Every structure is written in structure tokens, then in C-alpha cells.
1. For a quick size check, give me the Cα extents of segment 72-173 along its three principal axes, largest first, whole Å.
2. If you restrict to DSSP beta bridges whose two residues both lie in the chain, what percentage is antiparallel, to the nearest 5?
3. Which distance in nm do the two modelled labels at residue 156 and residue 112 give, with both placed 7 Å along the Cα-to-Cβ direction?
4. Order these by the 10 Å Cβ neighbour count, fewest first: 154, 1.
5. Stokes-Einstein D for segment 139-241 at 4 °C, 1.567 mPa s, Kirkwood Rh over Cα pairs, in µm²/s?
6. Based on the Kirkwood radius over alpha-carbon pairs, what value in µm²/s does the Stokes-Einstein equation return for the translational diffusion coefficient of segment 2-132 at 20 °C and 1.002 mPa s?
7. Which semi-axis lengths, in whole Å and largest first, follow from the square roots of five times the eigenvalues of the Cα gyration tensor of the chain?
8. Over every pair of different alpha-carbon atoms in segment 175-227, take the mean of 1/r and invert it; report that Kirkwood radius in Å.
């Protein structure tokens, strides 16, 4: 944050934009939106938020990171992805009218793209209704139960668990070879958990990227925890290294 403030203070640009994910896709941590908004107000900047992993999941009604922090600001350009929690495709942009007007006139990918098919639009309306409904709240409660159980019950002796409060729960193994081998063993056991390696993540932080779904049960999670603990023991004795 200090480095960001140094950069934006030194910028001579007429229009300044801070760009951030809401939920970072490799660590599952959440951006400090309140602090970023304060920077934008202090230095006359806009805040562009990509809420791909927060929309539908965060907030009482699933409205995402802005509801989570109860933030409203004319400086925000908010992008919500519809291909994850909403279960369809595409995305949407929310911002003040002058920016939206500019985007409609100047956004070449938007201008030259085929419109969303009516069937997709109809499915999206249903998705939005579910997200805001009691069913949606129940699904988010299930997600939070999985997250809490994972954080409380998943213990490693060597691998690193990240303190994430979102459905993205990475396990840091370090070496590429171990991450690939562990992912292969998990796949053989019926778990599709990809190994993420540099340059997607920093060197030496290869990981398993676990992502919970509201369709997962606590029992399934318990089985996964047992599987991971068994695999870690095999790695430690050199069977996978």
C-alpha cells in the first residue's frame, strides 16, 4: 500500500486508476477496499475492482466485495463476472453514467461483440434471483461452513495452509515436482485439484489450488483432508520427491 501511494502521488496523469482484484485468485485473500478508496479520494483517482471471485459469494445478499465492506463511492468502476457463482457467462460493468457512456462509445470489444443470447440473459436473471434468495443465503452458509472446517481441521506438518476466508484455499508445497505429483495422486483418488506453478505464482510457491463449492459436503471435505495428510506423508519420506 505504501508503494502504491508513492506511485500515485508521483503520477502526472490526468486520469489515475487503481486496478485490483476483490478476491485474489491464487491466495484467496481479499483486497483492502476501504484503504484503496481512501487513496483514491486523497489523490483524485478511480478504483477499478474485478470481483470475479466475490460476486455471488461475499455479502449478505451475495452482492460481492462492496456489500461485504458496505462501500459506496462515485470513484468505483465495478466488474462482476457471471461465469463463476452466477453460473452463466460474460460480465457486467457498474460505474457512474459518464464512464458508462464513454465505455459504450469507445469500448471496441463491447462494440464489436455479439450481444448476449436471450437464453443466457434469461438464465442470468434466474441466477440473480437465486443469489439474493434464501436458497442463495443457504448456499453461502454452506460455503462458510466448509471454509471454517478446513481452517480448523486441516493441519500440515510441512506444507503451508493460507488463512483465506473465501472458497479459494491454496496449499503451498514449494517445489513444482511435488505439486504436480500431489495433483496426480489426488486425481487418481477422484479429486480434480490443479497444481499451480510459476510464473502464475512466485518461484518456490507452487501449490494446490483448492476451490470449495456449495455442492460439497462436510463429509467430502473430511475425506479430502485425510487424503491430503496421507499424500504429504508420502512426499516427506521421498516417495514423490
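1. Projected onto its principal axes, the Cα set of segment 72-173 covers 55, 28, 28 Å.
2. Details: 15 of 25 bridges.
Here the antiparallel bridges make up roughly 60 percent for the chain.
3. 4.4 nm
4. On the way: 154 17, 1 10.
Neighbour counts put them in this order, fewest first: 1, 154.
5. Numbers: Rh = 13.8 Å.
Value of D from the Cα-based Kirkwood radius: 94 µm²/s.
6. On the way: Rh = 16.0 Å.
In µm²/s, the coefficient rounds to 134.
7. Numbers: eigenvalues 248, 109, 59 Å².
Semi-axes, largest first: 35, 23, 17 Å.
8. Working: mean 1/r = 0.0843 Å⁻¹.
With all distinct Cα pairs of segment 175-227 included, I get 11.9 Å.
Every number here is computed from the coordinates shown, using simple stated rules; none is lab data. Quantities reported herein were computed from a predicted structural model and do not represent experimental measurements. Don't worry about glycine lacking a Cβ; one is built from the backbone with ideal geometry, like all the others, and counts go over all protein chains shown.
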